[in-house]
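The values are calculated or read from the model by the stated rules, or taken from the named source; none is laboratory data. Note that this is a predicted model, so its numbers are computed, not measured. Here the Cβ positions follow ideal geometry from the backbone for every residue, glycine too, while neighbour counts run over all protein chains shown. We work out accessible area using only protein heavy atoms, side chains counted, and drop any ligands, DNA or RNA first. Shrake-Rupley method; radii C 1.70, N 1.55, O 1.52, S 1.80 Å.
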Amino acid sequence: MRNLRFVVVGAGMAGILSAIKLREAGFTDIAVYEKADRLGGTWRENTYPGISCDVPSHLYSYSFAPNPEWTHTFSPGPEILAYLENVARQGGIDGLIRYGTEVHRLEYDRAGWRIGTSAGRADRADRADRADRADVVIAATGVLHHPRYPDIEGLDRFDGPAFHSARWDHDVKLAGARVGVVGTGSSAVQLVCALAGTVGELRLFQRTPQWILAVPNPAIDAQDRARYRAHPAAMTELRRELGSGFVEAFANAVVDASSPQLQLLQDLGLANLEDHVRDPVLREKLRPDYRAGCKRLIISPNFYESVQRPNAHVVTERIRRIEPRGVRTADGELHELDVLVLATGFRVDRFLRPIEVIGRGGVRLDEVWARRPFAYLAVSVPDFPNLFMLNGPNGPVGNFSLIDVAEAQCGYVLELVDLLGRGRCREVSASRQAMARFETERAEAAKNTVWMTGCRSWYLDDRGIPAVWPWSFTRFRAAMARPVLDDYELV
Ligand code: NAP
């Protein structure tokens, strides 16, 4: 086996996974570059009140690192961050992580990848640029990573603190304050539930109502935790059960707009709305006019209760502009605020960017991806040999555990890496033909998905075609079982 050198970009959930799996496969020359001073990706960056994961904890765990200590069915963010730190430590890979070091350039030549990094803060004179090299680069840079700031006039003129949900300012006192939240996605719903009871007044600026499923979040008691500690196989079994339940109810359902499971989810969402929102005017404001599953389904047992508190207001008038004292809506009303929270989502078309990536023959990834990012089976792009992505473009992201997705992709990538390790080839990347075929089939399959039934969502690209995996999760698993080498260019 050749002793290949690996660079992993990002020490979030997928980067930690990659380093552990590469070590398990016998590779020792690995560096993980992390621009922040702590690992954890999403769970490091999102610290808003009430943050939790809407995939059950025993499913949102690595298959090889079940965790008997989860305290809730759906874990709070800090617990997930602690879990990732623990797995990295126990997996012995924390020493491989180069913190505070940002990869800004990846350039391929016949000797492999040349990597440009910068260490230190961007605004400091002591920022040091360094070079590294690797035979293989694994990009584990995340999907929901770059905050999307809304294009609303006057945003910079607000007098009080204004920040994005993924850049929470913990110095701002919220108790008793008049707080405005823009957005009604998963982040907004979670933070509204956490804030409603403590702030003086809460104004939720809703552009589009959401389908909300009231799934409860019971604590996992000490007795059950002790049982999991004593019998780890019980966790594996639970993970398997949760996994097949989720695949059936969500992941496989959303790719078939006519599926009965999808109708069932919509019926449950409707019953939740009818049963829990008393005021008919508010109920109509909160009633979605598109198919359930078209946007990401939201799981919250207490969102409706939170927005019905006397201090909460759902504002559906369009935002005209932000003014120093608050938000002016199209009806002319000024909603006076002390704090403004932008729960407006992420730029999901970024992936590795802004890293400058230059492949074989000087091909620039930014140009290849100028219209939209794509990757063959979500892991490889033609002309970018020995560069693999986890949770890259076109992967399954809807209502399922991204850990499971990354694990399947990582296993697949290791099969390709094995070809390099055994000296069967020096370069491996998806062939252009396979890429073109995949894109055609993907666009065709997307027509049957619920994402095409008419709604605005981050699942859609600039052509209005779902940018994500349009087939069942079962098909994803089958595709990831083993690479079809005819679809790759081996040099
Ligand atoms: P999001 O789902 O993209 O929601 C963004 C919200 O901001 C939408 O309600 C959107 O309205 C609104 N918005 C954007 N620009 C606006 C503007 N100019 N004026 C008014 N409203 C505007 O973002 P997110 O809530 O951060 O969630 C993103 C994804 O992160 C989720 O889908 C999920 O995959 C993940 N997430 C997961 C969890 C979890 O528990 N696992 C928690 C949080 C986030 P429209 O709907 O009208 O576009």
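Whether any residue in the stretch 145-158 is at pLDDT below 95 and either part of a loop (DSSP other than H, G, I, E, B) or open to solvent by less than 100 Å² (accessible area, probe 1.4 Å) (or both) is what I want to check.
Yes, the stretch 145-158 has at least one match.
Is one or more of the residues making up the stretch 420-437 in the same structural domain as Gly40 (by TED's automatic domain parsing), open to solvent by 10 Å² or more (accessible area, probe 1.4 Å) and within 16 Å of the ligand (Cβ to nearest atom)?
no
Considering only the stretch 350-365, I want to know if a residue exists there that is within 15 Å of Ala467 (Cα to Cα) and within 16 Å of the ligand (Cβ to nearest atom).
There is at least one residue in the stretch 350-365 that is within 15 Å of Ala467 (Cα to Cα) and within 16 Å of the ligand (Cβ to nearest atom).
Would you point out the residue of the stretch 287-320, among those that are among the aliphatic types (A, V, I, L, M) and touching a helix residue (DSSP H, G or I) at 6+ places or on another chain (Cβ under 6 Å), that is nearest to the ligand (Cβ to nearest atom)?
Initially, the stretch 287-320 is screened for residues among the aliphatic types (A, V, I, L, M), giving 292, 297-299, 307, 312, 314-315, 319.
Applying the additional criterion that residues be touching a helix residue (DSSP H, G or I) at 6+ places or on another chain (Cβ under 6 Å) yields 292, 298, 314.
On the way: Ala292: 14, Ile298: 8, Val314: 12 Å.
Of everything passing the filter in the stretch 287-320, Ile298 is nearest to the ligand (Cβ to nearest atom).
Just give me the residues in the stretch 257-284 being touching a residue at least 24 places away in the same chain (Cβ under 8 Å) and crowded, with 16+ Cβ neighbours inside 10 Å, in sequence order.
Ala257, Leu262, Leu265, Gln266, Leu268, Gly269, Asn272, Leu273, His276, Val277, Leu282
Residue by residue, here is whether (1) crowded, with 24+ Cβ neighbours inside 10 Å; (2) acidic (Asp, Glu); (3) more than 16 Å from the ligand (Cβ to nearest atom); (4) assigned by TED's automatic domain parsing to the domain that holds Val179 holds:
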position	(1), (2), (3), (4)
Gly326	no, no, no, yes
Arg372	no, no, yes, no
Phe388	yes, no, yes, no
Asn391	yes, no, no, no
Gly411	no, no, yes, no
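Working only within the stretch 5-22, note down all residues that are within 14 Å of Glu415 (Cα to Cα) and surrounded by fewer than 24 Cβ atoms within 10 Å (Cβ to Cβ).
Across the stretch 5-22, the qualifying residue is only Lys21.
Residues in the stretch 337-348: is at least one acidic (Asp, Glu) and either in a loop (DSSP other than H, G, I, E, B) or under 23 Å from Ile16 (Cα atoms) (or both)?
Yes, the conditions are met somewhere in the stretch 337-348.
Specify the residue that is farthest from Phe346 (Cα to Cα); the eligible residues are those in the stretch 37-59 that are part of a loop (DSSP other than H, G, I, E, B) and near the ligand (Cβ under 8 Å from one of its atoms).
Result: Val55.
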